[in-house]
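The values are calculated or read from the model by the stated rules, or taken from the named source; none is laboratory data. Just so it is clear, the structure is predicted and the values come from calculations on it, not from any experiment. Quick reminder, even Gly has a Cβ in these numbers, built from the backbone with ideal geometry, and neighbours come from all protein chains shown. Please note that ligands, DNA and RNA were not included when accessible areas were found on the heavy atoms of the full protein model with its side chains. Shrake-Rupley method; radii C 1.70, N 1.55, O 1.52, S 1.80 Å.
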Amino acid sequence: MRYLSGIQPTGRLHLGNYFGMIRSAVEMQNQGEAYYFLADYHALTGASEPGQLPSLVQETFLDLLACGVDPTKAVVFRQSAVPEVHELAWYLSTVTPMGLLERCHSYKDKVNRGLAASHGLFAYPVLMAADILMYDADRVPVGQDQKQHLEVARDIAGKFNEKYGQVWKLPESVIREDAGVVPGVDGQKMSKSYGNTLEIFAPEKDLRKKIMGIKTDSTPVEAPKAVEGSTLWGLARLLGREDEKAEYRGLLEKGGVGYGDLKKKLADLVLQEFAGMRKRREELAADPAQLARWMAQGAEKARGSAMGVLARVRAAVGTNS
Ligand code: ADP
Ligand code: TRP
């Protein structure tokens, strides 16, 4: 079984990334071959300033490793280590119906939020299909918002197979029901592009401050608080042991505890959950030479398997094989 996933290096990793995707990726690296990459080509479709990409790649690499992605088990690399992915994306784009891309919510959402409607943003799902197929992935752990992109990847692979024979097996998304969509401090989906994130590795003071700023309603201290659909529960349900979750839920349901105290308690739970990873990040950051070696190793392995697949594709389409 081969697992693959990607994450855009567009900012520091947050709780949504961890519970939606990284946690599964860490489990899967012990279950089969795993390929995890930093989607730096995809990140160029976003709004970041020129020049920021190298440090974002470094920081996200460190974040991922601190979260438990293990470069001695998984192949961890940056997307641009294998530029041939664009050759594959081109082949795939020639069998991709325009209508398929026109239906993508992510494109429409991003344009509605003010991102430039570039061809790169529109063709994003084709490059994503190439990322997945380039490594013959069977299973792709992603958060719920990426579900449609996975369906598009399967459709494109299917179209390609119809034309050229059985070149691809169809990849499947793995979406954790228990994560759902992790809410940000404003109650919307937590996302780097909404500025509402709780970053896993932010300084304790900043993290506490952000949690104290979570939007809540005006329920008085003594009254029971909303549970389902509330941001506090949307986060607390993911943190700590079962008894700690139940205790938190109890505090919301029974009333008598104000939002200030509930937020303090939530901050304690967040810091407790990530304490080990925060420490690990500091240790990893202290050895940049080791990080560079892992990055180079990942690039070499990724390239090795991609070139084999590409030879098969070139033979199928009749280009320089
Ligand atoms: P962002 O929206 O912050 O830019 P990415 O698009 O880089 O995050 O997402 C990386 C991975 O994390 C994807 O698999 C995505 O589905 C998952 N993810 C991101 N935000 C959330 C969230 N709020 N809840 C659940 N999963 C999420
Ligand atoms: N689109 C994904 C995201 O925004 C990142 C990504 C790029 C990806 N290529 C991928 C995820 C391939 C899984 C597989 O989160």
Run G158 past the list (1) farther than 15 Å from L88 by Cβ; (2) in contact (Cβ under 8 Å) with a residue 60 or more places away in the chain; (3) part of a helix (DSSP H, G or I) and report the number of the one that doesn't hold.
-> (2)
Take D131 and decide whether it is in contact (Cβ under 8 Å) with a residue 60 or more places away in the chain, within 22 Å of Q29 (Cβ to Cβ) and within 15 Å of ligand 1 (Cβ to nearest atom).
-> yes
Which numbered condition T10 fails, given (1) surrounded by 21 or more Cβ atoms within 10 Å (Cβ to Cβ); (2) part of a helix (DSSP H, G or I) | (2)
Single condition M21 does not satisfy, out of (1) buried (at least 18 other Cβ atoms within 10 Å of the Cβ); (2) more than 10 Å from ligand 2 (Cβ to nearest atom); (3) more than 22 Å from P83 (Cα to Cα) = (2)
Right, A116: open to solvent by 40 Å² or more (accessible area, probe 1.4 Å), free of Cβ contacts under 8 Å to residues at least 40 places away in the same chain and away from ligand 1 (no atom under 16 Å from the Cβ) or not?
-> yes
All but one of (1) under 22 Å from the mean Cα position of the chain (by Cα); (2) open to solvent by 60 Å² or more (accessible area, probe 1.4 Å) hold for G298, so report the exception by its number.
-> (2)
Taking G229, is it outside any helix (DSSP H, G or I) and of a type in the set (G, A, S)?
-> yes
When residues of the range 189-207 are filtered for being more than 16 Å from F19 (Cβ to Cβ) and touching a Lys or Arg at 6+ places or on another chain (Cβ under 8 Å), how many remain?
-> 2
Test result for M212, within 16 Å of ligand 2 (Cβ to nearest atom) and either in contact with a His (Cβ under 8 Å, 6 or more places away or on another chain) or not polar (S, T, N, Q) (or both) = no
